[in-house]
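What follows is a single structure, written as structure tokens, with notes after it.
Computed from the coordinates by the stated procedures, all read-outs in this text should not be read as laboratory data. Just so it is clear, the structure is predicted and the values come from calculations on it, not from any experiment. Don't worry about glycine lacking a Cβ; one is built from the backbone with ideal geometry, like all the others, and counts go over all protein chains shown.
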Amino acid sequence: MDKSEAARDEWPHLMALAQSGDQQVYTRLLKALVPVIRSLARRQIADDILLEDVVQDVLLTVHRVRHTYDPASPFLPWLMAITHARGVDALRKRGRHSLRETDSDLAPEPLFSASEPQHSQEELSTLLEQLPARQRQIVEHVHLREMSLSETATHTHLTVSAVKSLLHRALSNLRRLGAQHGRS
């Protein structure tokens with residue numbers, strides 16, 4: 001039996017001690033598990049960034065569900081099941097995200113459509129001033145400073161989805177205000 005197998009045979013005992021509150025043993029166990037989790041997750045995940053996210057998610061899950069482990073049972077299958085489940089979750093999330101986030105989503109929508117009346121710079125300034133501050137800030141970044149949605153998100157400490165949402169609301173408000181302004 002090599003050194004790594006001996007260490008793995010010790011995991012059920014270490015987890016039992018961790019379950020009873022031994023923080024030093026628990027820390028030692030988690031540190032020993034990281035390379036094993038990484039190796040297991042690499043079977044599903046090729047992307048290094050996503051792989052590290054899965055490793056962290058597995059560690060959090062182990063922490064959350066450590067009370068469910070039965071020290072009389074083998075440890076590795078329990079860990080493998082958690083790792084596999086977190087890997088599947090990460091791939092599903094990425095798949096859903098990639099379906100929603102396309103390159104065309106990263107291009108901001110125009111301020112006004114061609115069918116709407118054109119407004120002077122002064123009128124646009126007046127309309128912008130009527131927006132809530134956060135919406136105005138997003139419009140200024142995306143349309144006036146010509147920042148990308150991801151640059152705006154980074155600059156404003158928001159997610160790209162939040163920037164899109166704020167931008168959409170702002171543009172809807174501007175269109176409504178512009179239509180009202182055109183009628184008066």
**OP:** Sum up the charges of everything whose Cβ sits under 13 Å from the Cβ of Ser125, counting Lys and Arg as +1 and Asp and Glu as -1, but leave Ser125 out.
**Re:** -3
Original post:
Once fully extended, how much extra length lies between Met80 and Glu123, figured as 0.36 nm per residue of separation less the alpha-carbon to alpha-carbon distance?
Top reply: 9.3 nm
Subject >> Separation in nanometres of the label points that stand 7 Å from Cα toward Cβ, at Gln24 and Ser39 >> reply: 2.7
Original post:
Once the Cβ-Cβ distance between Asp89 and Arg134 is put in as r, and R0 is 30 Å, what FRET efficiency do you end up with, to the nearest 0.05?
Top reply: 0.40
Subject >> Residue among Leu51, Leu17, Val62 farthest towards the positive dipole end of region 3-100, charges placed on Cβ >> reply: Leu51
